[in-house]
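The values are calculated or read from the model by the stated rules, or taken from the named source; none is laboratory data. Every value quoted in this text rests on a predicted model; they were computed, and no experiment measured them. Using ideal geometry, Cβ is built from the backbone for each residue, glycine included, and neighbour counts are taken over all protein chains shown. Note: areas computed on protein heavy atoms with side chains; ligands, DNA, RNA excluded. Shrake-Rupley method; radii C 1.70, N 1.55, O 1.52, S 1.80 Å.
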Amino acid sequence: MEAFRHLDTTTMPWAPEPTIKGMKSKVLFRDPESGAVTIIRSVPPGYGVGDQPFRHYHTSVVERSFYLAGDFPHWEFDGPEDKTGDLIMFRRGLFMDRPPNTIHGLFPHPKSEIGGMAISWNTGGGVGVDDPNYEVESIDVPFENPGRFNVAFTSPRIFMHDTLPWNPHPRVKGWKIKPLAPRRGVAPEVALVHVTADWQPARSGAVVEPTDERRWMFVVSGGLDVVVSQGARQDAIALKEHGYLEWRAPAVIGFAAGAVSDIGATVLCVGHVLG
Ligand SMILES: [Fe+2]
């Protein structure tokens with residue numbers, strides 16, 4: 001396997017979401033062993049259930065999402081006896097950190113008005129209702145006579161990222177950081193990093209040390225230039241808006257001399273903090 005992979009996701013074609021009928025997707029990463037994916041999903045307007053509500057929970061998988069566009073109404077439930085749930089409108093800038101054992105679902109109304117798009121990543125398969133491993137990982141929770149569940153149900157953390165303040169970046173003067181989620185088992189930490197326009201590195205070289213674990217970043221807005229080094233080999237990469245870059249050892253990420261970003265960039269960082 002290549003030690004790094006760069007995708008300009010804006011030029012990738014949409015394909016049917018393999019585990020959820022009716023959605024479209026761009027698969028950025030898939031681990032054949034665990035079924036874990038990093039994926040951009042598109043929900044069409046009017047997407048949802050028929051005339052019956054639906055809800056379920058996942059037993060082991062951690063799911064995280066960052067919403068990029070549109071609207072998508074979604075409901076969270078405190079437990080099987082909570083029949084009304086809380087409506088949360090997923091919109092651009094919303095971040096979701098969903099641990100296992102959180103009941104969530106859809107009511108017939110309201111439905112998405114203009115559709116929606118999110119980048120989502122998880123720690124395993126079986127979460128999509130059309131996934132062959134759905135019955136292994138996920139459990140439906142009926143609204144009427146839900147029965148007894150010997151499960152300690154919990155809640156996800158779902159918030160608009162702009163309700164959190166930017167903090168000074170711990171290493172790079174002028175940059176900003178916003179931690180979104182800590183590491184949770186095999187789900188690595190998540191942060192937004194803001195790269196200042198016209199910022200120049202004091203010296204070229206690695207800014208993220210190598211690791212055997214896959215790390216990745218996704219440019220939410222703006223753009224930046226990075227250099228991926230593997231020994232003597234160097235690849236210059238111009239990351240544009242919605243560009244995706246994943247890497248692991250021996251690859252390291254660094255910068256060339258000169259301005260890294262003309263207009264600045266807001267970067268979703270998973271498993272690392274850029275800079
Ligand atoms: Fe789910």
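Under 7 Å by Cβ, and 6 or more places apart or on different chains, what pairs join a residue from the range 40-68 that is closer than 13 Å to Lys24 by Cβ with one that is β-branched (Val, Ile, Thr) and open to solvent by 10 Å² or more (accessible area, probe 1.4 Å)?
Pro45/Ile114
Please give the strands (runs of 3 or more DSSP E) falling wholly within the range 162-275 in which 2 or more residues are closer than 26 Å to Pro99 by Cβ.
So the answer is 176-181, 190-195, 215-222, 243-247, 265-270.
Considering only the range 36-60, state which residues are open to solvent by 10 Å² or more (accessible area, probe 1.4 Å) and within 16 Å of Asn101 (Cβ to Cβ).
The answer is His56, Thr59, Ser60.
Counting only residues that are among the β-branched types (Val, Ile, Thr), give me the strands (runs of 3 or more DSSP E) lying completely in the range 31-146 with at least 2 of them.
Those strands (runs of 3 or more DSSP E) span 37-43.
Can you name the residue in the range 61-71 that is within 13 Å of the ligand (Cβ to nearest atom) and open to solvent by 10 Å² or more (accessible area, probe 1.4 Å) and is also farthest from Gly48 (Cα to Cα) among such residues?
In this case the residue turns out to be Val62.
Going residue by residue through the range 3-16, is there one that turns out to be within 16 Å of the ligand (Cβ to nearest atom) and either part of a loop (DSSP other than H, G, I, E, B) or in the same structural domain as Ala187 (by TED's automatic domain parsing) (or both)?
Restricting attention to the range 3-16, the residues satisfying the condition of being within 16 Å of the ligand (Cβ to nearest atom) are none.
Scanning the range 3-16 turns up no residue that is within 16 Å of the ligand (Cβ to nearest atom) and either part of a loop (DSSP other than H, G, I, E, B) or in the same structural domain as Ala187 (by TED's automatic domain parsing) (or both).
Of everything in the range 18-35, what is over 20 Å from Asp8 (Cα atoms) and buried (at least 17 other Cβ atoms within 10 Å of the Cβ)? Give them in sequence order.
Within the range 18-35, Pro18, Thr19, Ile20, Met23, Gly35 meet the criteria.
Rundown of residues vs (1) among the hydrophobic types (A, V, I, L, M, F, W, C); (2) buried (at least 20 other Cβ atoms within 10 Å of the Cβ), yes/no style:
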{"site": "Ala197", "(1), (2)": "yes, no"}
{"site": "Arg203", "(1), (2)": "no, no"}
{"site": "Trp216", "(1), (2)": "yes, yes"}
{"site": "Leu224", "(1), (2)": "yes, yes"}
{"site": "Gln230", "(1), (2)": "no, no"}
{"site": "Arg233", "(1), (2)": "no, no"}
{"site": "Gly254", "(1), (2)": "no, no"}
{"site": "Ala257", "(1), (2)": "yes, no"}
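Answer with yes or no whether Asp131 is modelled with pLDDT of 95 or more, among the charged types (D, E, K, R) and open to solvent by 20 Å² or more (accessible area, probe 1.4 Å).
Values: modelled with pLDDT of 95 or more: yes; among the charged types (D, E, K, R): yes; open to solvent by 20 Å² or more (accessible area, probe 1.4 Å): yes.
When the stated conditions are applied, Asp131 passes them.
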